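Before any comments, here is the structure.
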Amino acid sequence: MPVIFITDALIFVLVFMVCLFIWYSRRHEHLCIPWRQVGENPLAMATSVVLLFYIAAGLLDSIHFHPRLDDENQEEIKYSTNILSVLDVLTEKLRSRVEKTYSAPFATHAYAKEMIDQPDGTRIRDYPRLNYGGSHLNDPDKDIVPDILTKTIIGIVMGIMIWLVLSAMIIFSLSRIRRSDIKTEFRCIIRGRDQIPGKIPWHVILITLGCIIIGITTLVYLSGFYHVLGTDKVGQDVLYQSLKSVRTGLLIGTLTTLIMLPFAIALGIMAGYFSGWIDDVIQYLYTTLNSIPGVLLIAAAILMLEVYMTNHAGDFTSIEQRADMRLLFLCMILGIMSWTGLCRLLRGETLKLREIDYVQAARAFGTGHITIMLRHILPNVMHIVMISIVLDFSGLVLVEAVLAYISIGVDPTMASWGNMINSARLEMAREPIVWWSLSAAFMFMLGLVLSANLFADAVRDAFDPRIRTIPAS
Amino acid sequence: MINYVIRRIAYALPILIGINIITFVLFFVVNTPDDMARMQLGQKRITQEAIDKWKSERGYDKPVLWNSQASAGQKISDTIFFQNSIKLFLFDFGQSDSGRDIGYDIRQRMWPSLAITFPSLILGLISYITFALTLAFFRGSYIDVWGVVMCVIMMSISSMFYIIGGQFVIGKLFNLVPISGYDTGFDAIKFVALPVIVGLIGGIGSSTRWYRTIFLEEMNKDFVRTARAKGLSEKTVLYRHVLRNGLIPILTGVVVVLPLLFIGSLVTESFFAVPGLGSYTIDAISNQDFAIVRSMVYLGSVLYIIGLILTDISYTIADPRIRLE
């Protein structure tokens, strides 16, 4: 039985809008050109492959349902009260194999000593074996290294096979689209350059794809036998948590922008262009909102939300729904803040632009205000909008971690990198140090934010009218 | 000019009123004091007497906007709005929910905050501008490319990792400075050093890259080409024409945050256990002390507005092309 959270619905609205935007751009040559330029940038293509995997994980995690209970005796179909996502089902092994407490990556023994009953009746205090991690080994100390090596190799081989099949499919469909034979297509990609116009660096895409797929298959294969990234305090697999956190990070980065963008653009340009009382009103609006320091505003709002939620506990049917509301609310508050930031930037830029000759000239020719704003100002501030969308994205993903630390971030029950860092932080003083949760969150965050940043750069280079050069063809 | 400043200050008044209303709505209308009492006293099975007692101790037991039972003048003055918001407006912060004088706490705690934020800002500004100018000078070369790559990687790392990493490496592995804490007087330096260094490193990525683009933008402008064409040395071009023009957006960006330095950084302060306003706020948030959070929201806003006024003034001084009258 499907369950649709509000954020799920919004994320699919966003996907729909992106599709609409792509369809619209394809029909307009002036929008195609910068995107084609992005497409020709090897780094941008490599990072977009990475981003696609993150997005795929996020989308899979956005389809929720109540699983059906396997009870054959009953006539009617019963549903569990648990809410699972498609990602949960795919990572069933990771989710269900819970240890008692911490365990290091690839560990076969638990992190803490406890009393163990020996077969001969005596009890000793030692590190117990893990329930699942490396439980197939008879003599862990001796077997573990060869076992991990062979399993890694198997994983890599599987990955290479999948990658080869995928590459073959891509090359085949490319040759069909371009109506060339497979051999020349293959040669083009191997040589790293395409003779055909629209030079998308397919070799870079394929290499990135290969690396990711090999990484994933190895991880998947190994995680069937070990806790590849260890387990956390309650014995939950860290890899599973990191994967679940992807959705939270993506949502905060995108929904916030979705909420704030229309206001920021319209009001920012209007304020800068019209000056006078319109400027005063808009300035008043955003200065008032913006004057409240961001963290404090979020803190105050979340505090109030908490009060509301404890007093209206009955309104929320499940923990997940509660967490979801909190996430949405957080996005809205963050949106209110980043709205004012972009608006300010746009106003400042428009203030400068309207003094520039071409705007003065347009005004002297008697062009209408709206036309000037749309024709002469909007395209010239569009790079700021584009850059701030994509830069905001990575910024917001990072902010989430900070907010979680101040305990005003997403719900503590929700998987997020911020929550992972926050709980791992407290364990830094332990001996031996519990480093794996922290490093997992670090790697996953770095992967997403770094690729988002690099992709943002490529988009900026393509969209900035001052850098952009129309290719001569 | 003076006219403009006066007008700006006059503009600030309605903004302050707006903020006051926002905080009032957020703290007293969205949730009634009853809700807050129930939240603080525990979840369920709580008597109305306990709620009333909690409210009367904090002065929240009055009507919200209009006291119809009081006599003439007190109809307005004996309400939550008047008692809390109007007093806040006059910087009378009153007592926290735990009974401490907020104004006194703030005056005590703003100095440790400043001891960390001010050196961070100055040292940061100097180093970031130096880095950025170096990258801009070597534009297009390997130094530039790798510098930018480093910047992008550094700005992709959460500030939490810098703090945790800094504490771990400098504090725990090398034992150079105490991991956290604070001291008065000259001893404060060893406690301040680590947060300042961490803050500095954490800001390198984004700031250097941002400043570099500003400088590069200036470099592509006509007056720079003219300066080169008339035979000025690259050094003169860089310092006189690029740096000075590039400083306009950089400095105006800095002016906004100047007054906010008093507030300090929430995360840094609580990580390093600095008894500044940042950790004060964090403690208030975790104790759900509404009075302190409200005061801090208001104080932060006031400081930000001061920063904005200063920014606009500095704009007119720095760039005579911008007409503000």
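From the list A:ILE189, A:ILE144, A:ILE213, A:ILE205, the one residue that fits, being surrounded by 18 or more Cβ atoms within 10 Å (Cβ to Cβ) and within 25 Å of A:SER96 (Cα to Cα), is A:ILE213. In the set (1) within 19 Å of A:SER407 (Cα to Cα); (2) more than 14 Å from chain B (Cβ to nearest Cβ), A:SER245 fails one condition alone, (2).
For every residue, the table says whether it meets (1) out of contact with any helix residue (DSSP H, G or I) (no Cβ under 9 Å at 6 or more places or on another chain); (2) touching a residue at least 12 places away in the same chain (Cβ under 8 Å).
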| site | (1), (2) |
| --- | --- |
| A:GLU92 | yes, no |
| A:SER96 | yes, no |
| A:TYR102 | no, yes |
| A:PHE106 | no, yes |
| A:ALA110 | yes, yes |
| A:ASP120 | yes, no |
| A:ARG125 | yes, yes |
| A:PRO128 | yes, yes |
| A:ASP143 | yes, no |
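Taking the criterion of being surrounded by fewer than 16 Cβ atoms within 10 Å (Cβ to Cβ) and more than 24 Å from A:HIS109 (Cα to Cα), the residues of region A:411-436 that qualify are A:PRO412, A:THR413. Scanning region A:439-465 for residues that are facing chain B (nearest Cβ under 9 Å) and open to solvent by less than 20 Å² (accessible area, probe 1.4 Å) yields A:ALA441, A:MET445, A:LEU448, A:VAL449, A:SER451, A:ALA452, A:ASN453. Only one of these conditions is not met by B:LYS190: (1) closer than 29 Å to A:PHE442 by Cα; (2) open to solvent by less than 40 Å² (accessible area, probe 1.4 Å); (3) in contact with a Pro (Cβ under 9 Å, 6 or more places away or on another chain). Which number is it? All conditions pass for B:LYS190, except number (2).
This table checks each residue for (1) open to solvent by less than 30 Å² (accessible area, probe 1.4 Å); (2) under 21 Å from B:ILE21 (Cβ atoms); (3) hydrophobic (A, V, I, L, M, F, W, C).
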site	(1), (2), (3)
B:VAL255	yes, no, yes
B:LEU258	no, no, yes
B:GLY276	yes, no, no
B:ILE285	yes, no, yes
B:SER295	yes, yes, no
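Answer yes or no as to whether A:LEU149 is within 24 Å of A:VAL49 (Cβ to Cβ) and within 32 Å of the chain's Cα centre (by Cα). No: the conditions fail for A:LEU149.
Counting only residues that are among the aromatic types (Phe, Trp, Tyr) and in contact (Cβ under 8 Å) with a residue 40 or more places away in the chain, region A:399-448 holds 3 of them. Of the set (1) open to solvent by 60 Å² or more (accessible area, probe 1.4 Å); (2) under 25 Å from A:TYR405 (Cα atoms); (3) among the small types (Gly, Ala, Ser), all apply to B:SER159 but (1). Among the residues of region B:162-187, write down those that are open to solvent by 60 Å² or more (accessible area, probe 1.4 Å) and more than 14 Å from chain A (Cβ to nearest Cβ). Residues satisfying the conditions are B:PHE174, B:ASN175, B:LEU176, B:TYR182, B:THR184, B:GLY185, B:PHE186, B:ASP187. Looking at B:THR316, B:THR281, B:THR252, just one residue is farther than 24 Å from A:SER407 by Cα, of a type in the set (Ser, Thr, Tyr) and facing chain A (nearest Cβ under 10 Å), and that residue is B:THR252. Screening A:ASP392 with (1) assigned to a helix (DSSP H, G or I); (2) within 9 Å of chain B (Cβ to nearest Cβ); (3) open to solvent by 10 Å² or more (accessible area, probe 1.4 Å) gives one miss only, at (2). The residues of region A:92-105 that are open to solvent by less than 20 Å² (accessible area, probe 1.4 Å), in contact with a Leu (Cβ under 8 Å, 6 or more places away or on another chain) and in a loop (DSSP other than H, G, I, E, B) amount to a single one, A:GLU99. Taken over region A:113-138, the criterion of being more than 23 Å from A:ASP237 (Cα to Cα), open to solvent by less than 90 Å² (accessible area, probe 1.4 Å) and assigned to a loop (DSSP other than H, G, I, E, B) is satisfied by A:GLN118, A:GLY121, A:THR122. For residues in region A:395-423 being β-branched (Val, Ile, Thr) and more than 10 Å from every other protein chain (Cβ to nearest Cβ), which is nearest to A:ILE259 (Cα to Cα)? Across region A:395-423, the extreme among qualifying residues is A:VAL410.
Scan region B:1-28 for residues that are more than 21 Å from B:LEU299 (Cβ to Cβ) and open to solvent by 80 Å² or more (accessible area, probe 1.4 Å) and the total you get is 5. Any chance region B:259-274 includes a residue that's in the same structural domain as B:ILE201 (by TED's automatic domain parsing), polar (S, T, N, Q) and under 19 Å from B:PHE91 (Cβ atoms)? No, region B:259-274 contains no residue that is in the same structural domain as B:ILE201 (by TED's automatic domain parsing), polar (S, T, N, Q) and under 19 Å from B:PHE91 (Cβ atoms).
Only residues that are facing chain B (nearest Cβ under 8 Å), open to solvent by 10 Å² or more (accessible area, probe 1.4 Å) and part of a helix (DSSP H, G or I): list them for region A:290-312, please.
The answer is A:ASN290, A:VAL295, A:LEU297, A:GLU306, A:TYR308, A:THR310, A:ASN311.
The values are calculated or read from the model by the stated rules, or taken from the named source; none is laboratory data. Because the structure is a prediction, the values reported are computed rather than measured. Every residue, glycine as well, gets a Cβ built from its backbone with ideal geometry; the counts of neighbours run over all protein chains shown. Ligands, DNA and RNA are excluded from the accessible area calculation, which covers all protein heavy atoms including side chains. Shrake-Rupley method; radii C 1.70, N 1.55, O 1.52, S 1.80 Å.
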